[in-house]
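To start, the structure itself, in structure tokens.
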Amino acid sequence: MLSESQNIETYKMLGQVAMCSGGSEFKISWAMSLLEQGLETENLATLATLLKPVNEFEADDYFNHVLAELSIDRPSDEAAIEGYVKVLTDEVAKGYISPESGVSMIYTANVQLGYSGSLGEFTALEDEWYCECINGWSKQKRNEEIIKACKEAYEALNYPHISKA
């Protein structure tokens, strides 16, 4: 059973993996983080210690074994990306990542989701020129609007169901 913070790490990693081909660096980093937190299985240890250049098929095989060992159901790519965005919106709202970095990552996720209507506001917020020249916002005002949008999106988004019942 994963802790709440480990679940958050898992949602973030699953979204990152869903957004890129292979994603072995995200899988390995996640595995290493879980090991450092005291969670240990043979497959987790092996995944965490794979060296570059990583064979994507090998990493995916160990990753799937780890998911099974930890009773984690892999969500659809869309659900995983939505969970990733929920993590990002929370990190921006809490000040863990800058509004500029966060909105850029959320925009990239929105592109992967086919410009989801629920994240449409982030398309305009990501465009610094539009916000400053068209809306007339200062950098501070844009950051405030990004944080406000993140807080609203956090409430509207859902984490994917990943725990096997």
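Does Glu78 satisfy the criteria of being surrounded by fewer than 22 Cβ atoms within 10 Å (Cβ to Cβ), under 13 Å from the mean Cα position of the chain (by Cα) and either among the β-branched types (Val, Ile, Thr) or within 30 Å of Lys139 (Cα to Cα) (or both)? Give the steps one after another, and end with the answer.
On the way: surrounded by fewer than 22 Cβ atoms within 10 Å (Cβ to Cβ): yes; under 13 Å from the mean Cα position of the chain (by Cα): yes; either among the β-branched types (Val, Ile, Thr) or within 30 Å of Lys139 (Cα to Cα) (or both): no.
Criteria not met by Glu78.
When Leu2, Leu47, Leu14, Leu39 are screened for being among the hydrophobic types (A, V, I, L, M, F, W, C) and open to solvent by 30 Å² or more (accessible area, probe 1.4 Å), only Leu39 passes. Residues that are surrounded by fewer than 19 Cβ atoms within 10 Å (Cβ to Cβ) and of a type in the set (A, V, I, L, M, F, W, C) were ranked within segment 17-36; the one that is nearest to Arg74 (Cα to Cα) is Cys20. May I ask you to verify whether Ser104 is within 14 Å of the chain's Cα centre (by Cα), surrounded by fewer than 20 Cβ atoms within 10 Å (Cβ to Cβ) and either basic (Lys, Arg) or part of a helix (DSSP H, G or I) (or both)? Yes; evaluated as a whole, the condition is true for this residue.
Taking into account only those residues within segment 81-100 that are closer than 22 Å to Thr10 by Cβ and over 13 Å from the mean Cα position of the chain (by Cα), which is surrounded by the most Cβ atoms within 10 Å (Cβ to Cβ)? Per the criteria, the residue is Ala93.
Filtering segment 3-36 to residues that are within 24 Å of Gly102 (Cβ to Cβ), over 13 Å from the mean Cα position of the chain (by Cα) and outside any helix (DSSP H, G or I) leaves Ser3, Ser21. Taking every residue in segment 54-72 that is more than 13 Å from Ser24 (Cα to Cα) and without any contact (Cβ under 8 Å) to a residue 40 or more places away in the chain and pairing it with any residue that is open to solvent by less than 70 Å² (accessible area, probe 1.4 Å) and of a type in the set (Val, Ile, Thr), at least 6 positions away or on another chain, the pairs with Cβ-Cβ distances below 7 Å are Val66/Thr41; Glu69/Thr41. Go through the residues of segment 114-133 one by one and say whether even a single one is among the hydrophobic types (A, V, I, L, M, F, W, C), farther than 16 Å from Tyr11 by Cβ and open to solvent by 60 Å² or more (accessible area, probe 1.4 Å). For segment 114-133, residues among the hydrophobic types (A, V, I, L, M, F, W, C), farther than 16 Å from Tyr11 by Cβ and open to solvent by 60 Å² or more (accessible area, probe 1.4 Å): present. Among the residues of segment 50-72, those identified as open to solvent by less than 60 Å² (accessible area, probe 1.4 Å), out of contact with any Asp or Glu (no Cβ under 9 Å at 6 or more places or on another chain) and part of a loop (DSSP other than H, G, I, E, B) are Leu70, Ser71.
Within segment 2-45, the residues that satisfy the criterion of being in contact (Cβ under 8 Å) with a residue 60 or more places away in the chain and either aliphatic (A, V, I, L, M) or touching an Asp or Glu at 6+ places or on another chain (Cβ under 6 Å) (or both) are Leu2, Ile8, Leu14, Val17, Ala18, Met19. Against the condition touching a Gly at 6+ places or on another chain (Cβ under 9 Å) and of a type outside the set (Lys, Arg), how does Val111 come out, does it pass? Spelling it out, it is not the case that Val111 is touching a Gly at 6+ places or on another chain (Cβ under 9 Å) and of a type outside the set (Lys, Arg). With respect to (1) among the hydroxyl-bearing types (Ser, Thr, Tyr); (2) exposed (fewer than 15 other Cβ atoms within 10 Å of the Cβ); (3) at pLDDT below 95, the lone exception for Tyr159 is condition (2). Just a yes or no: is a residue in segment 104-120 hydroxyl-bearing (Ser, Thr, Tyr), more than 25 Å from Ser21 (Cα to Cα) and modelled with pLDDT of 95 or more? Looking for residues that are hydroxyl-bearing (Ser, Thr, Tyr), more than 25 Å from Ser21 (Cα to Cα) and modelled with pLDDT of 95 or more, one finds none in segment 104-120, hence no.
The values are calculated or read from the model by the stated rules, or taken from the named source; none is laboratory data. These numbers were taken from a predicted model, which means no experiment stands behind them. FYI the Cβ positions are ideal-geometry reconstructions off the backbone, even for glycines, and counts take in every protein chain you see. What goes into the accessible areas is simple: the full protein's heavy atoms, side chains included, and nothing from ligands, DNA or RNA. Shrake-Rupley method; radii C 1.70, N 1.55, O 1.52, S 1.80 Å.
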